[in-house]
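Below you'll find the structure, written out as structure tokens, and then a few comments.
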Amino acid sequence: MPDARSWQTGVTRLVLLGGGHAHALALLRLRDFFPRHLQVKLVTPQPLHTYSGMVPGVVAGHYCLAEAQIDLARLAARAGVELVPGSVRALDVDAKCVWLEDGSSIAYDIASLNTGSLPPTQVPGSAEYALGIKPFEKFLQQWETRGLAARRIAVAGAGAGGMELAMAIRHRVPAARVSLFSDRAMFSGTLALRLARALERCGVEHRVDSAVTALEPGPVVVTQHGREACDLVLWTAGAVAQPWLKKSGLQTDAAGFVLVDAALRSHSHPDVFAAGDSATLRDARHPKSGVYAVRHAPVLAANLVNLLEGRQMTDYSPQSRQLALISCGGKYAIASRGGWSAEGAWAWRWKNWLDRRWIARFSQRG
Ligand SMILES: Cc1cc2nc3c(=O)[nH]c(=O)nc-3n(C[C@H](O)[C@H](O)[C@H](O)COP(=O)(O)OP(=O)(O)OC[C@H]3O[C@@H](n4cnc5c(N)ncnc54)[C@H](O)[C@@H]3O)c2cc1C
């Protein structure tokens, strides 16, 4: 809640941390009804947000980077929001203050978190010898300079993102040997068969039951089955919480993500909202993916206004089955929803249409 000091000055200070999917859409929606007594800041390391759904397409060469990016600076300017360049280093929800990497701080009345997740670095050597997939901007820059020249590439993590990337790499660099390491099967039934066939068609060597236990100089990938020397290792496995969340005073789940209610409001601190990968719904847990981050967005935008205007909160209820469109290197994709799946060039065109439509809504004039 806004404190006495801010009510006296008549200004409520809202700070948006991170420019992920939900905050990008919130900026678009809020632009039309930000009340005058509201002062809003957006903290973001980059003025552009890279849309994860199109990252494998950038690697494959189907898109240039700019086609996969949302101009946060422009959205913020249009909504009358101050863009603060920087990364959050610490948050103290009892003091209602955020500290940035450069040492500066921001006091707030209401905070909203959409800072995503990080690839884990607990595996020995993963921080030193692997190229982390996030931040995407850094990864894509390094991919252009180091990836295109590499001939032996290992991808650790065979979730949808890791598989898409492995196939995209083979499509872009057919001369490269690409090995995909996974500790367990992430998919089952017909979808798993379709994915296995797609990997084989693309020439990706899938090392199943091969948890990467360490990375050594070289880099060399170490599993229980042996050691494999590479030119480049990409780390896509898992999603861990930003370490400062657990120290913030917010109630978190065991993994350190903010526990929120159906209104995307922190359980412990109702003046803090969280959306996307940063949030875990206490009563309706769902996987961490961009699809959910996008669906959180309208609820988050509505509830920020509801709180300011003293109105009742809107609840988010996750769909039980989500559409997944997994690109397979070339302009070919696998579609799945619940127990249904299908594949073809049409599925890639469908994904391309959805992705481009998502990006286009942020660049509309007016
Ligand atoms: C290769 C790959 C492909 C994927 N493809 C898909 C897909 O097709 N569909 C899908 O649903 N999901 C996909 N995912 C999952 C998806 O990336 C995430 O679930 C999604 O990006 C989460 O969205 P978000 O808005 O929570 O955070 P993000 O999209 O990660 O955005 C977080 C933002 O916060 C900023 N930020 C980070 N740290 C800080 C900080 N300390 N301070 C301030 N700002 C910060 C970042 O710069 C970023 O702009 C993919 C993942 C990978 C790795």
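Observations, loosely collected:
- C-alpha long axis of helix 345-360 to longest principal axis of the chain, angle in °: 30
- Using a cutoff of 8 angstrom between alpha carbon atoms and counting only pairs six or more residues apart, the relative contact order for the chain works out to 19 percent.
- Structural descriptor for the stretch 126-235: relative contact order 34 percent, calculated from alpha carbon pairs under 8 angstrom and at least 6 residues apart.
- For the stretch 126-235, the Cβ-based charge dipole about the Cα centre amounts to some 320 debye (Lys, Arg positive; Asp, Glu negative; other atoms uncharged).
- Highest mean packing first, where packing is the average number of other Cβ atoms within 10 Å per residue, the peptides 187-197, 284-294 line up as 284-294, 187-197.
- Reciprocal mean inverse distance between Cα atoms of the stretch 113-184 - Kirkwood radius, Å: 13.1
- Rounded to 5, percent antiparallel among DSSP beta bridges of the chain: 45
- Calculated from the alpha-carbon coordinates, the chain shows an Rg and a Dmax of 21.0, 66 Å respectively.
- Under-26-angstrom lysine pairs by C-alpha in the chain, whenever the two are 8 or more apart or on separate chains: 22
- Seen against the Cα atoms of the chain and their longest principal axis, helix 189-202 is set at about 60 degrees.
- Axis of helix 21-30 versus longest Cα principal axis of the chain: the two differ by about 30°, to the nearest ten degrees.
- Set of the stretch 213-231 residues, backbone N closer than 15 Å to the point 7 Å along the Cα-Cβ line of THR145: none
- log10 of Debye I(q)/I(0), alpha-carbon scatterers only, for the stretch 126-235 at 0.16 Å⁻¹: -0.67
- Rounded to the nearest 5, the antiparallel percentage of DSSP beta bridges internal to the stretch 126-235 is 30%.
- Overall, the chain carries a charge dipole of about 1000 debye about its Cα centre when +1 sits on the Cβ of Lys and Arg and -1 on the Cβ of Asp and Glu, all other atoms neutral.
- In terms of overall dimensions, the C-alpha atoms belonging to the stretch 215-353 reach 58, 41, 23 Å along their principal axes, ordered largest to smallest.
- Taking amide hydrogens as placed 1.01 Å from N in the peptide plane, the amide H of LEU281 sits under 5 Å from those of VAL260, HIS286, each at least 5 positions away in sequence or on another chain.
- Note on the stretch 79-124: dipole from Cβ charges, positive end direction compared against GLN122, ALA79, TRP99; the farthest Cα belongs to GLN122.
Where a number appears in this text, it was derived from the coordinates with a stated rule and is not lab data. Since the structure is predicted, the reported quantities are computational estimates derived from the model, not experimental observations. Cβ sites come from the backbone with ideal geometry, for glycine too, and all protein chains shown count toward neighbours.
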